[in-house]
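Take a look at the structure below.
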Amino acid sequence: MSNDRRLSAPGQLAAGDELAPGGTATAELPDEPLAEFAAKHGLRASAQRPPAGRYIRNLWQRRHFILAFATAKNIALYTEARLGQLWQVLTPLLNAGVYFLIFGLLLHISRGIPNYLGFLVTGVFVFNFTQRAYISTSTVITDSLPLIRALRFPRAALPLAYVMIEVEQMLLSMVVLAVIVLITGEPLTWYWLLAIPALLLQTVFNVGSGLAVARLGSTVNDFSQLLPFLMRTWLYVSGVLFSISTLGIAHKYITILQLNPAAIYITLVRNAILQTQRQSQPGAQPYNAQLCREWHTVGHSAHATKQQQMLSAYCHPVTNPAHYWYYGIAWAVLALVVGFYFFWRAEAKYGRG
Amino acid sequence: MAAAEPMVVVDDLHVVYRVYGAGGDKGTAATALLRIMGRKTRGSIREVHAIRGVSFVAYRGDAVGVIGRNGSGKTTLLRAIAGLLPPEQGNVYTDGEAALLGVNAALLDDLTGERNVVLGCLAMGMTKKETREKYPGIADFSGVGEFIDLPMKTYSSGMGSRLRFAIAASKSQDILLVDEALATGDAEFRVKSHARIEELRGDAGTVFLVAHNLEEVELTCNRVIWMERGQIVTQGEDVIGIIDRYIEASGGAPVERDPVTGARIHSRIPAKT
């Protein structure tokens, strides 16, 4: 215990309080100071956080618990609903439907994005993976208080299990996504396999940052109230509903937005499964000043033909797609290391009432 | 006792709870805004000094009963031993891990008893194989019968605490902390759980038992700690003597005892078989 956690209110002992009578209370105690006595017999402070190495080993030992907990929770999640497990598929479908209705049909926000439905649904589903992981991990400690207070195990097992629930959910929604994308006319190609490493990286990212969110949610009481607003802001700046490159803001801000982790993983998946995206990527074709200028003038307009929309492929690349992979890896590793450290630091504090 | 191996050393332990929004403030949005505008730290923070300088040593094979009135800090003490409440001052040292078995510790309410057993075992660090081996024993011990397939929230409080006890007691815990968990069980279950606690003590574990049923403490424990307002009034191995003094201090009628064995003449707990 550090000094700042020392007894803060000695005055709490009210004046009239009687202390333990006689010497009976301290009878049977060894003569030496208790701390030395405990150390001599190899006892450890009970509220101590284990070193990171042992903590990770303990965590690895509980891997079956993590998986079993995730499966059990996933089943229990929908037992109250009449349609049961069907909601795992219905939820992402309805989500995509709402966004398509508002942004695709009513607001005409597509701004020359080819296959807007495929573009939108991919973005919504990939973003949802991170969003759901955060929303659930923000309350995992408070949700599991009885478990935490009854049994000793590395607490990081709980947020990990919650992220695993979302992985299962995400895999289902990816099946739905594949069907939608094929219906919108995208071809099934070998590029689709690239979605697997992209989603794996996103999973690592979610695990790491989910650990951090779990600690914030357990210590900052107001965090889970604030989180939905943070997530919605993140959704709007990550190019889920529109292409970031078409925003009317300074170029450097566009680059920053494009490099944020959500946008990176969304773009990686889009480029994997949407041929229209791959072909319209700036720099997908050799640079051609004439054709690029044409894209800037007519490609944006709502009346542009598909051919004109694709002309951005002849512009300079904003970010080379290969860089996206490096950023994707970097975000995942960074989130995992920082998130784990941040969560582990407070290990002894989870479960305080 | 000098040669015995200490399992739990509590060294001048102080535990303070901080309660937010206690009294004073009406707790409305307007008062919260005023508080923030005035840059006051939450004026209504109250500190409850629940444990005030407790020291004792428990040894391998001990069953320690903790008695005292409501709010005397018994549950807090167990939580601190389990490492769930960081000490404000002083420290708790344990040899091995402590498992706390509380009356409110519904593990996972929305899952079936069966799932709770499996998850409980896995969380305690058992392998899948061990869990499979232990499962029938736990289900049998808990005696919840066919209810094992139903979510735990449908259980009566007695059934719930039986299942929880069965799970936590299935592993030879180094230190088992039982907080009123046996209070709701029926007579048959009490006999079984006493036998199990004896067994755990035999496996070189240490058991702490918080109970308002003093007879239970008498029958199970070889040592007793009497707490009052976060401090130890007295502790020792004279279980019956301390309990009688406690009953006297709380104004209860003295217990009629067999002059030789000290056993209660009107016992409400069936004899062990």
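The values are calculated or read from the model by the stated rules, or taken from the named source; none is laboratory data. All values derive from a computational prediction rather than experimental measurement. Here Cβ is always computed from backbone atoms with ideal geometry, including for glycine, and neighbour counts include all displayed protein chains. The accessibility values were calculated without ligands, DNA or RNA, using every heavy atom of the protein model including side chains. Shrake-Rupley method; radii C 1.70, N 1.55, O 1.52, S 1.80 Å.
Taken over region B:192-206, the criterion of being of a type in the set (A, V, I, L, M) and either modelled with pLDDT of 80 or more or part of a loop (DSSP other than H, G, I, E, B) (or both) is satisfied by B:195, B:204. Of all residues in region B:52-61, those that are within 11 Å of another protein chain (Cβ to nearest Cβ) and either part of a loop (DSSP other than H, G, I, E, B) or not small (Gly, Ala, Ser) (or both) total 6. Identify all residues within region A:102-149 that are buried (at least 21 other Cβ atoms within 10 Å of the Cβ), free of Cβ contacts under 8 Å to residues at least 60 places away in the same chain and of a type in the set (A, V, I, L, M, F, W, C); write none if there are none. Those that are buried (at least 21 other Cβ atoms within 10 Å of the Cβ), free of Cβ contacts under 8 Å to residues at least 60 places away in the same chain and of a type in the set (A, V, I, L, M, F, W, C): A:125, A:147.
Just one of (1) over 23 Å from the mean Cα position of the chain (by Cα); (2) open to solvent by 10 Å² or more (accessible area, probe 1.4 Å) fails for residue A:181. It is (2). Here are some conditions: (1) away from every other protein chain (no Cβ under 12 Å); (2) not in a helix (DSSP H, G or I). Residue B:159 meets all but one. Which one does it not meet? Unmet for residue B:159, out of (1) away from every other protein chain (no Cβ under 12 Å); (2) not in a helix (DSSP H, G or I): (2). When you look at residue B:209, is it outside any strand (DSSP E or B) and either modelled with pLDDT under 85 or touching a strand residue (DSSP E or B) at 6+ places or on another chain (Cβ under 9 Å) (or both), yes or no? It is false that residue B:209 is outside any strand (DSSP E or B) and either modelled with pLDDT under 85 or touching a strand residue (DSSP E or B) at 6+ places or on another chain (Cβ under 9 Å) (or both).
Being aliphatic (A, V, I, L, M), at pLDDT 85 or above and either closer than 13 Å to residue B:122 by Cβ or under 21 Å from the mean Cα position of the chain (by Cα) (or both) is the requirement here; does residue A:67 meet it? Answer is yes for this residue. Considering each residue of region B:97-112 in turn, at least one proves to be more than 7 Å from chain A (Cβ to nearest Cβ), in a loop (DSSP other than H, G, I, E, B) and within 23 Å of residue B:195 (Cβ to Cβ). Taken over region B:162-180, residues that are touching a Phe, Trp or Tyr at 6+ places or on another chain (Cβ under 9 Å) and outside any strand (DSSP E or B) amount to 6. Scanning region B:72-83 for any residue that is on the phi < 0 side of the Ramachandran plot, modelled with pLDDT of 85 or more, assigned to a strand (DSSP E or B) and touching a strand residue (DSSP E or B) at 6+ places or on another chain (Cβ under 7 Å) turns up nothing.
Checking region A:193-203 against the condition returns no match, with no residue being under 20 Å from the mean Cα position of the chain (by Cα), of a type outside the set (A, V, I, L, M) and part of a loop (DSSP other than H, G, I, E, B). Listed by position, the helices (runs of 4 or more DSSP H) contained in region A:49-128 that have at least 3 residues being under 22 Å from residue A:205 (Cα atoms) are A:52-61, A:63-77. Say we look at region B:3-18 and pick out the residues that are hydrophobic (A, V, I, L, M, F, W, C) and surrounded by fewer than 23 Cβ atoms within 10 Å (Cβ to Cβ); which of these is nearest to the other protein chains (Cβ to nearest Cβ)? Checked region B:3-18; the qualifying residue nearest to the other protein chains (Cβ to nearest Cβ) is B:16.
Would it be correct to say that residue B:242 is surrounded by 14 or more Cβ atoms within 10 Å (Cβ to Cβ) and modelled with pLDDT under 75?
No, not satisfied.
Hey, can you tell me all the residues within region A:253-280 that are part of a loop (DSSP other than H, G, I, E, B) and closer than 13 Å to residue A:130 by Cβ?
If the condition is that a residue be part of a loop (DSSP other than H, G, I, E, B) and closer than 13 Å to residue A:130 by Cβ, then A:260 is the only one that fits.
Residues in region A:147-184 that are aliphatic (A, V, I, L, M) and within 14 Å of chain B (Cβ to nearest Cβ): A:147, A:148, A:150, A:151, A:156, A:157, A:158, A:160, A:161, A:164, A:165.
Looking across region A:212-252, the residues that are modelled with pLDDT under 85, open to solvent by 90 Å² or more (accessible area, probe 1.4 Å) and part of a helix (DSSP H, G or I) come down to A:251, A:252.
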